[in-house]
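Working notes, beginning with the structure itself.
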Amino acid sequence: MKIFSGISNKPLAEKVAKKLGTDLSPLEIHIFPDGEKRVRVLGKVVGEECVVVQPTSPDPDVNYMELFFIVDALRRSGAKSVTAVVPYLGYQRQDHIFRIGEAVSLEVVATLLKWGGVDEIIAFDLHSIKIPEIFKIKLTHLSALPIFAKEIRRMGNDTVLVSPDAGGIRRIKLLSQMLNNMPYAVIKKDRDLVTGKVTVNGINGNVKENAIIVDDMISTGSTIVTAANLLRSKGVKNVYVFATHAVFSQDSPKILGNSLLQKVFVTNTINIPKEKQFPKLKILSVSEMIADNLKA
Ligand code: R5P
């Protein structure tokens, strides 16, 4: 098996390769002055099972294009199969039409990945469990929840799990089961699709001294911070966050760092450069899970 990395998360690709007892296989990626890329596979891949690690944030368009080119180069060079490890699968938030006239971005991506020659995709904590149905190739849906559960078990009692919106109910129920039915609550959240503004209208379930908000991704941080403020107003003392994908757009690292949150746990599905890290942040690794899946 040969492991290749695009530009978006080389540290993760290196960790996966190491866990598989190998090094990354070489690629040449030339960037033209206008930003276009020329990708070339160095070395032989004829008859080889090839894996490309490339989460798509940030920038989704740049990273998707690069992934398509790497896959194409591998196919043309005779690879037996290509597995795309896209731990954070971009455009999944637009997996259906919310308002008349919209594109279904994820369906476009799914079509391009299949046509480009990808045999299998491995992704983490998809926004909706229906997403694999959109793909006409195998999509292995992994989850960071077992990694979160291990960490949460070390934390104190008198704790409630919290989903910051109704969309996360399935996730929070699964995590609760992994933690001997730890109690959970669900916040009633609304987001204005035009302005992106998040508002909360109460919570279903009882709060406790400690609350753990669990989400699939943190982008602007509005969902988490609004949820944390609500929990504090209900008497919660300590608020922790577990989110798989650290999309961390705009000023979110600063907002989270200055918030009342005790700690923010995320994974390395997306590379987090030093300038986006803050003291309350703890990064958990999904590399072992990916390597185990590739070995199986
Ligand atoms: C929404 O349904 C998602 O699960 C996340 O809660 C959301 O995408 C987070 O975005 P932001 O950090 O911008 O509020």
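Starting with the highest mean, order 2-12, 257-267, 136-146 by the number of other Cβ atoms within 10 Å, averaged over the residues of each peptide.
Order by mean packing, descending: 2-12, 257-267, 136-146.
What nm value, rounded to one decimal, do you get for the distance between Leu42 and Ser77 when each label is placed 7 Å out toward the C-beta?
Each label point is offset 7 Å from its Cα along the Cβ direction, giving 1.0 nm.
Name the long-range amide H neighbours of Val162: under 5 Å, sequence gap of 5 or more, or other chain; modelled H, no Pro or chain starts.
Ala185, Ile212, Ile213, Val214
If you project the alpha carbons of the range 1-152 onto the principal axes, what extent comes out on each, in Å, largest first?
Here the Cα extents, ordered largest to smallest, are 46, 42, 29 Å.
Can you give the extra length, in nm with one decimal, that the chain gains between Lys188 and Gln262 once fully stretched, where that is 0.36 nm per residue apart less the Cα-Cα distance?
Contour length minus Cα-Cα distance gives 24.4 nm.
In whole Hz, what ³J(HN,Hα) sequence does the range 243-249 give by Karplus (6.51, -1.76, 1.60; θ = phi - 60°), x for Gly and Pro?
9, 5, 9, 8, 5, 6, 8
Of all beta bridges DSSP finds with both residues in the chain, what is the antiparallel percent, to the nearest 5?
20
Note the angle between two axes, namely the Cα long axis of helix 10-19 and the longest principal axis of the Cα atoms of the chain, as a number of degrees from 0 to 90, rounded to the nearest 10.
80
Please list, ordered by chain and number, the residues whose modelled amide H lies under 5 Å from the amide H of Ala144; skip anything fewer than 5 residues away on the same chain.
Asp125
Determine the sum of side-chain charges near Lys263: Lys and Arg each +1, Asp and Glu each -1, restricted to other residues whose C-beta is under 11 angstrom from that of Lys263.
Once all neighbours under 11 Å are counted, the net charge is +1.
Give the distance, in whole Å, between the Cα centre of the range 145-169 and the Cα centre of the range 1-49.
35
Compute the Rg/Rh shape ratio of the range 136-178: radius of gyration over Kirkwood radius, all on alpha-carbon atoms.
Using only Cα positions, Rg/Rh for the range 136-178 is 1.07.
Under a point-charge model restricted to the Cβ atoms of Lys and Arg (+1) and Asp and Glu (-1), what is the dipole moment magnitude of the chain relative to its Cα centre, in debye to the nearest 20?
For this selection, approximately 760 debye.
Suppose every Lys and Arg Cβ carries +1 and every Asp and Glu Cβ carries -1, with no other charges. What dipole size does the range 21-128 come out with about its Cα centre, to the nearest 20 debye?
260
Once you list every other residue whose beta carbon is under 12 Å from the beta carbon of Leu294, what net charge do they have if Lys and Arg are +1 and Asp and Glu are -1?
Counting the neighbours of Leu294, the net charge comes to -1.
Under the rule of at least 5 residues apart or a separate chain, name every residue whose amide H is placed under 5 Å from the amide H of Phe4.
Ser25, Val51, Val52, Val53
Return one whole number: the accessible area per residue of the range 102-253 in Å², for a 1.4 Å probe.
Heavy-atom SASA per residue in the range 102-253 reads 46 Å².
Against the longest alpha carbon principal axis of the chain, how many degrees, from 0 to 90 and to the nearest 10, is the axis of helix 60-76 turned?
30
Please list, in order, the residues from the range 269-296 whose amide nitrogen is less than 20 Å from a point placed 7 Å along the Cα→Cβ vector of Arg153.
Residues 283-290, 292-293 qualify, since their backbone N sits under 20 Å from the label point.
Could you estimate the translational diffusion coefficient of the chain from the Stokes-Einstein equation, with Rh from the Kirkwood formula over C-alpha pairs, at 25 °C and 0.890 mPa s, in whole µm²/s?
Translational D for this selection: 122 µm²/s.
Could you grab the relative contact order for the chain? Cα pairs under 8 Å, six or more apart, rounded to a whole percent.
14
In whole Hz and in residue order, list the ³J(HN,Hα) couplings for the range 155-162 that follow from phi through the Karplus curve 6.51 cos²θ - 1.76 cosθ + 1.60, θ = phi - 60°; x for Gly and Pro.
8, x, 7, 6, 10, 10, 7, 10
Tabulate in residue order the Karplus-calculated ³J(HN,Hα) for the range 279-290, using 6.51 cos²θ - 1.76 cosθ + 1.60 with θ = phi - 60°, rounded to whole Hz; enter x for Gly and Pro.
x, 7, 8, 10, 9, 9, 9, 9, 4, 5, 4, 5
Can you tell me, using C-alpha contacts under 8 Å and at least 6 residues apart, the relative contact order of the range 141-296 as a whole percent?
It comes to 18 percent, rounded to a whole number.
Once you have the Cα-Cα distance between Ile7 and Ile31, take 0.36 nm times their residue separation minus that, and quote the gain in nm to one decimal.
Going from the current span to full extension adds 7.5 nm.
Calculate the dipole size of the range 125-165 relative to its Cα centre from +1 charges on Lys and Arg beta carbons and -1 charges on Asp and Glu beta carbons; express the result in debye to the nearest 20.
I would put it at about 260 debye.
The values are calculated or read from the model by the stated rules, or taken from the named source; none is laboratory data. Computed from a predicted model, the values in this text were never measured in an experiment. Here the Cβ is made from the backbone with ideal geometry for all residues, glycine too, and neighbour counts use every protein chain on show. Accessible surface areas use protein heavy atoms only, side chains included; no ligands, DNA or RNA. Shrake-Rupley method; radii C 1.70, N 1.55, O 1.52, S 1.80 Å.
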